[in-house]
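No value in this document is a laboratory result; all are computed from the given coordinates. No experiment lies behind these values; they were computed from the predicted model shown. Virtual Cβ from ideal backbone geometry, glycine too; neighbours counted across all protein chains shown.
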Amino acid sequence: MTRKSPFVPVLVLAAAAWLGGCRPTAGPADLRLGVEASRDGRWDEAVDRWTKAAASDPSSAAAHNNLAIAFERLGRFEEARAEYEAALRLAPGNAQIRENFRRFKEAREAASRPAVPDRSDGPRGRR
Amino acid sequence: MRPLQAGLAPALTVILAACASAPYRQVAIEIPAVPPVAVERYHEIVVEDFQETGAVADVSLGRRMAEYLEAELRREFKGPVSRRRPSGKPAECLVLSGTVGLSQWAQKALLEAEIPADGPFGLENRGLAERKRFALTLEYRLSDAATGEVVLAGALKESRTYGDAQQSVEFALFDLLPLVKSKLFPALFGRAAAGERYLLLR
């Protein structure tokens, strides 16, 4: 009788865990490729990837969250807000999305404050 | 140790390492500026001489301010920047004007252990220190040349103190004008901001 290696079941277990969602970048390919594009500063491509990821899986809070970040980076703030809100509707308890949205709102508020703080009659602009 | 137990340890390490990695990545992003004025709608900026609120010896402050801002605006603005209003139809042109003033005064203080002093009062290790302070005030208006409407207005004040009580106005302007620019340009063109966000990996 041939004796089975004791490593086989252990390796099978490890492989199953790895493939079953414990990988850091597990998930749809577009989500991962978007992350890679953003890491290289290719934010337009990241938008394309995450738009596809959100279209193929409308319940993906990650795709909407990442899209929001890309839009924010590109100065498309209204679209960013819409995506953050969509992500939060899908995953209201996600701490990272909540923190991102808080920082987004804080940044928008800071940007709308006068740029010259020296005097109370600092710039009064009109767009 | 039995072979099964020996193999379990590295396998568990692999599993735990994979599962312990965070499902997100923190990224630093630069958030572009939104200028308070839609400067991109205009094709030209004209910088007029600033009116001086008080005479400064040896320096034409109003002209100096205009020349400095003209040169710096050329770097920042995509269209032409000039000192004279265009003849004919002044469409899509912004005019930067305003008032400027420079005040200077001496500040004196009795400081310890700064200046060795000889005198009848026994002020050992104490002495009268004199410094010179300059303050530049600017009130600016950015107006639409076609309509005359003021689209942006504001005021700012910058000051510098020098240990040399004989410091010249020229030297002070060399320091103060860039400080004015550093406040004025974000007001005109907006300012980019740095931020950090969490990208979700799954």
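Across segment B:29-191, how many lysine pairs, 8 or more apart or on two chains, come within less than 25 Å at their alpha-carbon atoms?
The result is 10.
Compute the signed sum of charges (Lys and Arg +1, Asp and Glu -1) over the other residues within less than 13 Å, Cβ to Cβ, of B:Leu96.
-3
From the mean inverse distance of alpha carbon pairs (Kirkwood) and the Cα radius of gyration, derive Rg over Rh for segment A:26-112.
0.96
How many nm is it between the label spots at B:Ala91 and A:Glu85, if each spot is 7 Å from the Cα in line with the beta carbon?
Result for the modelled spin labels: 3.7 nm.
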